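**Student:** Below you'll find the structure I mean.
The values are calculated or read from the model by the stated rules, or taken from the named source; none is laboratory data. Given the structure is predicted, the values throughout are model-derived calculations rather than measurements. Note that we place each Cβ from the backbone using ideal geometry, even for glycine, and neighbour counts take in every protein chain shown.
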Amino acid sequence: MKLPKFRSAEAYLETWRSRETRRPLLLRGARQVGKSTLVRKHGRSYAHFFELNLELTADRALFDGLPPVEELADRIALRFNVPKLTENTLLFIDEIQESPEAIQQLRFFYEKLPWLPVIAAGSLLEFVLGEVRSFPVGRVEFYTLHPLTFYEYLRWMDKDILATAYNEVPVRKAVHQELLREFHRYSVIGGMPEIVDSISRGANIAEVQNLYELIWSAYRGDAEKYAGNLRQRQILRHLLSTVANEDDRIKLARFGGSNFRSDEVGPAFQALERAGVLRLIYPTSSVALPVVGQYGRSPRVQLLDTGLLNYARGIQSDLLSTDDLSTTYRGRIAQHIVTQEIIATHHEDSWQPYFWAREKTGSSAEVDLVLEGKKELYPLEVKAGPQGRLRSLHQFVERSPQKIGLRALRNEFSVQAVTTPGGVDYRLVNIPYYHVGFWGRYLKEAVSLID
């Protein structure tokens, strides 16, 4: 029997399990990111693991009529032929979006049966949560699962020695070169678990094209389920067929060369966000905390997974023939995978990424991302080569109360003293692409060198 492979979220589940006050856990995330597999692996450490799939009529019927939770627990015990559920039983309710009553029951599991570990998961939760009466706010814990990170990818590809070295900050020179090579491959393939698993067992890119198409088709079908009419379905299909080709900030009106109005395209993008297929990253003009998003201005599109982006654009072969992502497709793929790694470090639903923008005739500027520290806001640029342009970073720093900028690139870690055209001195912290998720650790390393 094939054992499920490593996910970083396993440590989180163990922490959740051992909490003195433990709420039912609601796992969020797009379809096919590995939620069910993660929970099943976690369930192996319990005396009993009982899984309900609410896409099945018989399982969904257990929750019909919103019975008292004690009665529900008895129904479930009878279903699995045990006298009763115990504290060493993990109850997993999959596809919970199919039953608003099951979502409501999470509250009563917490209030009446707090000793019972309960995990629920669903891929389209965002479509139904707002429609659930008496949603158990404050009585449920949330965790968002993303596609595989680069570190998880290394573990799945059996690069265990390299994965161990990856956790060093900074890494050794020989390790740096090897990590660059593997990160390039990861950037082409992406982090969808089924695809990475197939490649880890010997498949090549050509042999997994059908898997990319199956995933992309599933997302298309999910989103269309919630289209209210033919017009909305047409808009969603158009977005999914064109969105991967957008390199810059988007305009909703006439998106992708269509005749659709902005008030039609906006809700369609919101549906794709709720399905987890993509997210819209909005600009901010903030140079210090708190970050204030400018939601009335043009956003940038971030697809769920860079491998899916490459597949949808038909550029995987092109990317395999080069060794420098930053010079390919105007740096779009490098920017996308770096953003994906940053997103993967956040599992709370409230977190949002932003990029910095200053729009002024003759001196407009954009910084790829802004990263929130405990007290400061840091700009991050994704640039080509050691001499990548810093004009936008200069403009941010000249307006910021802190004087450190971050840059992700192919090079090894370094700290440079830089002076802006306006005469402002600051430190530029260069971080290898593959380590951008460790930006906080690099910041500490840089500060120690400066001091």
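**Student:** Going by the conditions given, is residue 57 outside the structural domain of residue 344 (by TED's automatic domain parsing), surrounded by 18 or more Cβ atoms within 10 Å (Cβ to Cβ) and farther than 28 Å from residue 278 by Cβ? Talk me through it step by step, then tell me what you get.
**Tutor:** Numbers: outside the structural domain of residue 344 (by TED's automatic domain parsing): yes; surrounded by 18 or more Cβ atoms within 10 Å (Cβ to Cβ): no; farther than 28 Å from residue 278 by Cβ: yes.
Taking the combined requirement at face value, the residue does not satisfy it.
**Student:** I've got another one for you. Can you tell me which residue among 38, 26 is under 20 Å from residue 129 (Cα atoms) and either at pLDDT 95 or above or acidic (Asp, Glu) (or both)?
**Tutor:** Going through 38, 26 in turn, just one is under 20 Å from residue 129 (Cα atoms) and either at pLDDT 95 or above or acidic (Asp, Glu) (or both): 26.
**Student:** Quick check on segment 336-384: of everything there that is closer than 18 Å to residue 273 by Cβ and of a type in the set (Asp, Glu), which residue is modelled with the highest pLDDT?
**Tutor:** 348
**Student:** If you don't mind, there's one more thing I want to ask. Considering only residues that are more than 33 Å from the chain's Cα centre (by Cα) and in a loop (DSSP other than H, G, I, E, B), which ones fall in segment 400-424?
**Tutor:** Within segment 400-424, 420, 421, 422, 423, 424 qualify.
**Student:** Hey, another quick one. On the given criteria, is residue 150 not assigned by TED's automatic domain parsing to the domain that holds residue 72 and not hydroxyl-bearing (Ser, Thr, Tyr)? Working first, answer last.
**Tutor:** Values: not assigned by TED's automatic domain parsing to the domain that holds residue 72: yes; not hydroxyl-bearing (Ser, Thr, Tyr): yes.
For residue 150, the condition - not assigned by TED's automatic domain parsing to the domain that holds residue 72 and not hydroxyl-bearing (Ser, Thr, Tyr) - is met.
**Student:** Another question, if that's okay. Assigned to a helix (DSSP H, G or I), surrounded by fewer than 21 Cβ atoms within 10 Å (Cβ to Cβ) and in the same structural domain as residue 326 (by TED's automatic domain parsing): which single residue out of 178, 182, 194, 213 fits that description?
**Tutor:** 213
**Student:** Of all residues in segment 110-134 being assigned to a helix (DSSP H, G or I) and under 20 Å from residue 349 (Cβ atoms), which is modelled with the lowest pLDDT?
**Tutor:** 130
**Student:** Another one. Residue by residue through segment 1-22, note down the ones that are touching a Lys or Arg at 6+ places or on another chain (Cβ under 6 Å) and modelled with pLDDT of 95 or more.
**Tutor:** 6
**Student:** On to the next question. Within segment 385-409, track down each residue that is touching a helix residue (DSSP H, G or I) at 6+ places or on another chain (Cβ under 8 Å), at pLDDT 95 or above and either at positive phi or small (Gly, Ala, Ser) (or both).
**Tutor:** 405, 408, listed by residue number.
**Student:** Could you check, for segment 267-287, whether at least one of its residues is more than 19 Å from residue 217 (Cα to Cα) and assigned to a helix (DSSP H, G or I)?
**Tutor:** yes
**Student:** Also: Looking only at segment 261-316, filter to residues that are touching a helix residue (DSSP H, G or I) at 6+ places or on another chain (Cβ under 9 Å) and of a type in the set (Asp, Glu); which one of those is surrounded by the most Cβ atoms within 10 Å (Cβ to Cβ)?
**Tutor:** Selected residue: 305.
**Student:** Condition first: among the acidic types (Asp, Glu), surrounded by fewer than 14 Cβ atoms within 10 Å (Cβ to Cβ), in the same structural domain as residue 310 (by TED's automatic domain parsing) and assigned to a loop (DSSP other than H, G, I, E, B). Can you find one or more residues in segment 355-364 that meet it?
**Tutor:** yes
**Student:** Taking residue 220 as meeting all but one of (1) among the basic types (Lys, Arg); (2) modelled with pLDDT under 95; (3) farther than 18 Å from residue 242 by Cβ, write down the number of the exception.
**Tutor:** (3)
Conditions (1) over 27 Å from residue 193 (Cα atoms); (2) over 22 Å from the mean Cα position of the chain (by Cα); (3) surrounded by fewer than 19 Cβ atoms within 10 Å (Cβ to Cβ), marked per residue:
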| position | (1), (2), (3) |
| --- | --- |
| 80 | yes, yes, yes |
| 85 | yes, yes, no |
| 97 | no, no, no |
| 109 | yes, yes, no |
| 148 | no, no, no |
| 152 | no, no, no |
